[in-house]
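Heads up, the thing below is written out as structure tokens.
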Amino acid sequence: MVATTSRIKRVVLVQPASAGGNFEYMAIPRQGMLFLSTALGQWEDGPFLYEREIWFEDRSGLMDPDKDLENVDVLLVTALINEAPRAYQLARLAKMYHPDLVTIGGGPQMSPLPEEAFALGNFDAIVQREGEDIVAQLCDVMLSHQAGTREAYLENIPGISFRRDGQVIQTRRRGLVDPAFAELPDYRSIKDLSPDHPMPGGVLETVRGCTENCTYCQVIQQFLGYRMIPRETEIKRLQQLQELASDGLLHTSRTGRFNVFISDDLHTPPLRAVKFRNERLERLKNWKGYTDNMYMICQARAEIGQDPELANAMTEANIKMLYLGVESNNAENLLAVNKRQEPGQMEQDLCTLNAMDFSVVAMTIIGLPFDREEDIMNLAEWVTQHSRYQTANLLTPLPATSNWTDLQPLNEHGELLQEGEIRPYHLYTGRQFVHYDKRWTMQESRELFDQYSAKLTSIDDLYGRIFRILRSYRLRVATSGNELGDSISSRIAEASQNLQNWADPVSVAGKEFGQNISQRVDELAETLRNMSQPLSNARRDLADSINTKVNELTDTLKSMSDPVSVGSKDLADNVSVRITEIYDMINNVLVESSSRRRTAKE
């Protein structure tokens, strides 16, 4: 029985708001939704054509399932573990307000836990692992047949889960998805993407999978094997990023430079993976001329320090920042999680990469099996000596990993999870234990995380505040049509870009200085955000003066890239003066605006 007749169908793909710990402040969509959208757009073999919109809640705000899903035919939802509560809420509300809406879930949380997704989200189907090759066929079946008759057709779609007579049925996937099945990610279907609201950076996927088998990581199960895209596809994706930047859809500095994040599960292979390593080397050489104006960031293993040929090729390709999976400097811990690296050699590798002027971000995990509080604090001392920046996470069990079944989960009160209780996914951010450990309670683990993090040099909090402020401010500016606000917003964006590109702000002026700059930029942007209308009514000369002062602030921040030539106190004073001047001008605008309002009333 055909349930619908119109050939054009509307699909919304949503990535729910994060509970934290996912670089949500960067507001860069994960690639999965972009590739699914491409797959739907290129589908020509079925009865329907699909119009798509990708809704990234951390970027565009929370969706209202009642209002925003009106006249939508299919809702696709993905989620990381701490996004799961919001994902389930969206799907439930979507069904409540729009009973005929087709809802499909997927991603690393729902793929291995379809029973939970059906129970808490009331989905119609769940995609297992990747889904570009079957998503359009699945949508066709769901839209062409009503519940009760569609199940026979669903049985023929590989790699999905659905319900029949109250039972969850899983179909087997046959083979692996070609990582270039959807050649180019569908950036242009992202909601609100425009030159007034660009992304802070692009994302480049070059391969899927991993050569390693670390016990704490979901990648091995979500992306089986290690699959490189064709060389020509890699180049096309680099060209696509250039086009997006040229069209103003990526934040670009006045020098034409923009950020590119190489997908974080796709690190450059170590030397022992000879075939993959050699191929990556040749591809990096082929990037010449395509990445000249990019500032590239990727995840890697510290072993690159033992491979100068590959490391130099990365530098020449403009890969400037390396997120390295250090995890621990305890050999027993590394062995316990199947991390194939030795602390002494890792230290040498870090020294080598630092000497090559990479901006090294050491990713660490605390609360590993052989950690004591003393060891964790010693790790902080060690890692800050051997890396420019650091990230921290407490060991967190994730679906499809051995930790998920081996570690006893806790509820949100820190007590053992009882039968029928749902795990407190909003706490799965790496900032506290969510499983039983005889060494530390949940609360004690939070305190331990805070003590450890306080010793690190992290720019995540600074980035987070800046990007959240910029996002909120631009939304207000877009609403008011404030031309001056757009100009100021772009200047502050350049300032934040320059903050990212500091060689080493901590060695320049210390943590106190970094926190002070963060606070002043925070306060400045808050002021701008709250006065869109007064600025829009300002005299042109005042508006131009404010714009000039923000440009001067940007130039001052740029000077920090040469910390040797300028003292930290001078820098602090200079930045403070620039911001104070901008405040004075804004106050003049407010006074003039207030005066005009009083005159009008009289």
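The values are calculated or read from the model by the stated rules, or taken from the named source; none is laboratory data. Being a predicted model, the structure only gives us computed values, none of them experimental. FYI the Cβ positions are ideal-geometry reconstructions off the backbone, even for glycines, and counts take in every protein chain you see. For the accessible areas, the whole protein counts, side chains as well, though only heavy atoms, and no ligand, DNA or RNA atoms are used. Shrake-Rupley method; radii C 1.70, N 1.55, O 1.52, S 1.80 Å.
Each residue in region 117-134 was checked for being over 19 Å from Leu36 (Cβ atoms), open to solvent by 20 Å² or more (accessible area, probe 1.4 Å) and without any contact (Cβ under 8 Å) to a residue 60 or more places away in the chain, and 2 of them qualify. Listed conditions (1) under 22 Å from the mean Cα position of the chain (by Cα); (2) under 22 Å from Gln15 (Cα atoms); (3) open to solvent by 20 Å² or more (accessible area, probe 1.4 Å) are all met by Tyr216, apart from (2).
Per-residue answers, yes or no, for (1) open to solvent by less than 10 Å² (accessible area, probe 1.4 Å); (2) under 27 Å from the mean Cα position of the chain (by Cα); (3) in contact (Cβ under 8 Å) with a residue 24 or more places away in the chain:
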{"site": "Thr315", "(1), (2), (3)": "no, yes, yes"}
{"site": "Leu334", "(1), (2), (3)": "yes, yes, no"}
{"site": "Lys339", "(1), (2), (3)": "no, yes, yes"}
{"site": "Glu342", "(1), (2), (3)": "no, no, no"}
{"site": "Gln345", "(1), (2), (3)": "no, no, yes"}
{"site": "Ala362", "(1), (2), (3)": "yes, yes, yes"}
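Note on region 1-34: among residues that are modelled with pLDDT under 60 and among the hydrophobic types (A, V, I, L, M, F, W, C), the one that is most open to solvent (accessible area, probe 1.4 Å) is Met1. Considering only residues in region 428-445 that are open to solvent by 30 Å² or more (accessible area, probe 1.4 Å) and part of a helix (DSSP H, G or I), the one that is farthest from Gln418 (Cα to Cα) turns out to be Glu444. For first residues located in region 396-409 and at positive phi, partners that are in a helix (DSSP H, G or I) and at pLDDT below 95 and lie 6+ apart or on another chain with Cβ distances below 8 Å form the pairs Ala400/Gln221; Ala400/Gln222. Among the residues of region 60-79, none qualifies, meaning not one is crowded, with 18+ Cβ neighbours inside 10 Å, in contact with a Ser or Thr (Cβ under 9 Å, 6 or more places away or on another chain), free of Cβ contacts under 8 Å to residues at least 40 places away in the same chain and assigned to a strand (DSSP E or B). Counting only strands (runs of 3 or more DSSP E) that sit completely within region 149-265, those holding 2 or more residues that are of a type outside the set (Lys, Arg) and touching a residue at least 40 places away in the same chain (Cβ under 8 Å) correspond to 167-170, 202-204, 207-209, 226-228, 258-262.
Within region 80-105, work out how many residues are within 24 Å of Asp133 (Cβ to Cβ) and either among the β-branched types (Val, Ile, Thr) or open to solvent by less than 10 Å² (accessible area, probe 1.4 Å) (or both).
7
Taking the options Glu116, Glu132, name whichever one is in a loop (DSSP other than H, G, I, E, B) and either touching a Leu at 6+ places or on another chain (Cβ under 8 Å) or closer than 25 Å to Arg174 by Cα (or both). Result of the check over Glu116, Glu132: Glu132.
Can you name the residue in region 135-156 that is crowded, with 20+ Cβ neighbours inside 10 Å and among the aliphatic types (A, V, I, L, M) and, of all such residues, is nearest to Leu224 (Cα to Cα)? Per the criteria, the residue is Val135. Of all residues in region 123-145 being at pLDDT below 95 and in contact with a strand residue (DSSP E or B) (Cβ under 7 Å, 6 or more places away or on another chain), which is farthest from Asn71 (Cα to Cα)? The residue in question is Gln128.
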